Amino acid sequence: MIIPSWGVSSPAIPAPAKSHSRGQFFTPTVRCPPAAPVRPWFMRLIDTHVHLDFPKLRDDLPAVLARANEAGIGGFVLPAYDTTGWDAVASIAADHEDVFPAFGLHPWEAHRDFEIDGLRERLLTSDAVAVGEIGLDTKIDAPDLETQLSVFRAQLRLARALDLPVILHCRGVFDVFVDVIAEVGPVRGVVHAFSRGPELAKRFLDLGLYLGLGGAITRPGAKKPRRSAVVAPLERIVLETDAPGLGMDGVPNGENEPANVRAVAASLAELRNTTIEEIADRTTRNAHELFRLP
Ligand SMILES: [Zn+2]
């Protein structure tokens, strides 16, 4: 089957100045030896979704970050899960200049007396790069969809009001999810851990959202997400692990860590028949644009 490439336009975010390619400013007059292979530490990847505050990673944080740096990962977006975790997220980000925090309430923790003013205050008094993670999930028994919807809407509106991107989680209710975002109005953001096929990918891209690709595309049998990874515009893809919870090829659920975003980049390079350096360069630029990273 031939899959047409999409004419999805990029959101109205100014692109940063192009970096100069190496060797642009000199013309060798003598024959140079072949260039050395590019080593991983010359490459900079960003894990745009990693729960460094979860015990599995936090209890061993210096080693976890060292292994990630060694693998070429030089930036980490740390989304909050529930309100009780906000202080831990803030303190890890304060201690590490390459960790960028997001604050929000995950749909699994949505509750009726959630106070949006508390989130506004937190976002305004921190270096938050996004509102997240937020969304809808009907593959769980509780909280009910109505509660999730009211918490989700309120957080989407707040993100728009503060001009922050959103980190989105969605399972099971894609139609409602798309409708709510369309209803609230354009938001910048990423659908994290995207693991579905090209049709749904296109619906999200048409809303101006980025796709967060992670462990799903590393699994050889995962045809749908791998097809999405091939046909989606590279300028709308960011990489993530969702560590430690979400596993990947050869890594069980609960055992993941941010160093493995390199394997996600390698899979994407292979699927798109390009180099890992090109994937790193573009997806890192995307992460900087989306989250306005320094
Ligand atoms: Zn997550």
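Specify the longest stretch of the chain that does not include any exposed loop site, a site being one of the GluC sites (Glu not before Pro) with a non-H, G, I, E, B DSSP assignment and at most 15 other Cβ atoms within 10 Å.
Between exposed loop sites, the widest span is 116-254.
Local charge sum around Asn260 (other residues, Cβ-Cβ under 11 Å, Lys/Arg +1, Asp/Glu -1)? Mind showing how you got there, number by number?
Numbers: positive: Arg67, Arg262; negative: Asp47, Glu240, Asp242, Asp249, Glu255, Glu257.
Result for the neighbourhood of Asn260: -4.
Please give, to one decimal in nm, the separation of the simple spin-label points placed at Glu115 and Glu70, each 7 Å out from Cα toward the Cβ.
For Glu115 paired with Glu70, the spin-label model returns 4.5 nm.
Quote the FRET efficiency, to the nearest 0.05, computed for Arg292 versus Asp82 with a Förster distance R0 of 22 Å and r equal to the Cβ-Cβ distance.
0.30
Compute the distance in nm between two label points, each set 7 Å from the Cα along the Cα-to-Cβ direction, one at Leu124 and one at Arg44.
3.2
Using the Cβ atoms and a cut-off under 13 Å, what net charge is assigned to the surroundings of Thr241, where Lys and Arg are +1 and Asp and Glu are -1?
-3
Longest exposed-loop-site-free stretch of the chain, with trypsin sites (Lys or Arg not before Pro), DSSP loop and at most 10 other Cβ within 10 Å? It would help to have the intermediate numbers written out before the result.
Values: sites that count: Lys18, Arg22, Arg31, Arg112, Lys139.
Value returned for the longest uninterrupted segment is 140-294.
If amide H atoms are built 1.01 Å from N in the plane of the peptide, which residues on other chains or at least 5 residues away come under 5 Å of the amide H of Val173?
Residues meeting the criterion, in which the H sits 1.01 Å from N, are Thr138.
Within the chain, which is the longest segment that contains none of the chymotrypsin sites (Phe, Trp or Tyr not before Pro) sitting in a DSSP loop with at most 16 other Cβ atoms within 10 Å?
Within the chain, the longest run free of exposed chymotrypsin sites (Phe, Trp or Tyr not before Pro) spans 27-294.
So what's the angle, to the nearest 10 degrees on a 0 to 90 scale, between helix 86-95 and the longest Cα principal axis of the chain?
Between helix and principal axis, roughly 30 degrees.
Across 10 Å bins from the origin, how do the percents of Cα pairs in segment 41-291 run, short distances first?
8, 34, 39, 18, 2
Residues of segment 42-82 with backbone nitrogen within less than 11 Å of a virtual label 7 Å along the Cα-to-Cβ line of Asp95, please, listed as ranges.
So the set is 53, 58-63.
Report the antiparallel proportion of the DSSP beta bridges in segment 41-291 as a percent, rounded to a multiple of 5.
Counting only bridges with both partners in segment 41-291, antiparallel ones make up about 5 percent.
Give me the one-decimal nm value for the distance between modelled label points at Arg171 and Lys224, 7 Å along each residue's Cα-to-Cβ direction.
1.4
Taken together, the values in this text are just the output of simple stated rules run on the coordinates, not laboratory data. Bear in mind that the values here come from a model prediction, so they are computed numbers and not experimental data. Methodologically, a virtual Cβ is constructed for each residue, glycine included, from the backbone with ideal geometry; neighbour enumeration extends over all protein chains shown.
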